[in-house]
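Taking it in order: structure first as structure tokens, then the write-up.
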Amino acid sequence: MKQAADPQAFSVYLKEGTQTIHDELDQRVMQLNPFADKAHYQGFLRMQLRLHTAGEQVYHNQQINNLMPEIEQRSRLYAVLQDCVDLAIPVELQQHDQQVGKLFKIADPYAGLGWLYTIEGSTLGAAMLLKHVKNSLGLSEAYGARHMAAHSDGRATHWREFKAILDSLTLNDLQRKQALDAAKQAFYFVTETVDEIMVIGKKEVAG
């Protein structure tokens, strides 16, 4: 007898379910030319600060760490904060962005998986962004673009390992949907932040 087809891999399910909003967000960010000058890049960093602050709770959630061991070590919030200091973003704006990020409460571990997928996925795209930052602004993984640095074992390897852990999880349909809805929520959160900060708010930090 022929075996029944395996259910769609969890990482593929998340990718296909977020593809449209992901593509739209990428286009929106690049349309705003975030690496045109210091002011534009400051707006980009503030967006990153809100996203990573919102997601930070997930990296320290014990249930999620049980599902994905050592996920806590992947957090990039501290690197984003260092970049904000490098670019002289006023402390009061950093505090405001962190307050906005902390408004999100992600207590459900399966929703947390969705946020992790969105945040961790951005590490792959950061390779291209890092080239723009180096060429346009003279920044690097050691100054101003620390959060874009590749993991020591390489971006692709690190991402494959993350996806492999996701795909190894035994989840029911409801849990998978909770994760997908949360991944979409993270993308929408970034989209709203881009429109608020990168379009309007960049003038607040321009030096």
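The values are calculated or read from the model by the stated rules, or taken from the named source; none is laboratory data. In this text the structure is predicted, and so the values were computed from the model without any measurement. Because the Cβ atoms are built from the backbone with ideal geometry, glycine has one as well, and the counts that use them run over all protein chains shown.
For this structure, a couple of remarks:
- Of residues in region 17-26 being of a type outside the set (A, V, I, L, M) and under 16 Å from the mean Cα position of the chain (by Cα), the one nearest to K177 (Cα to Cα): T18
- Across region 100-133, the qualifying residues are those that are within 14 Å of I64 (Cβ to Cβ) and among the small types (G, A, S), and the one among them that is surrounded by the most Cβ atoms within 10 Å (Cβ to Cβ) is G114.
- Matching option when the condition is surrounded by fewer than 17 Cβ atoms within 10 Å (Cβ to Cβ) and touching a helix residue (DSSP H, G or I) at 6+ places or on another chain (Cβ under 8 Å), among D97, D167, D173: D167
- Pairs meeting the criteria (first residue in region 120-147 and touching a residue at least 12 places away in the same chain (Cβ under 8 Å), second residue among the polar types (S, T, N, Q) and surrounded by fewer than 18 Cβ atoms within 10 Å (Cβ to Cβ), beta carbons under 6 Å, at least 6 apart or on different chains) are R146/Q82.
Here is a yes/no grid of residues against (1) of a type in the set (A, V, I, L, M, F, W, C); (2) at pLDDT below 95; (3) part of a helix (DSSP H, G or I):
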residue	(1), (2), (3)
G43	no, no, yes
R46	no, no, yes
R50	no, no, yes
A54	yes, no, yes
Q57	no, no, yes
N66	no, yes, yes
Q73	no, yes, yes
D83	no, no, yes
A88	yes, no, no
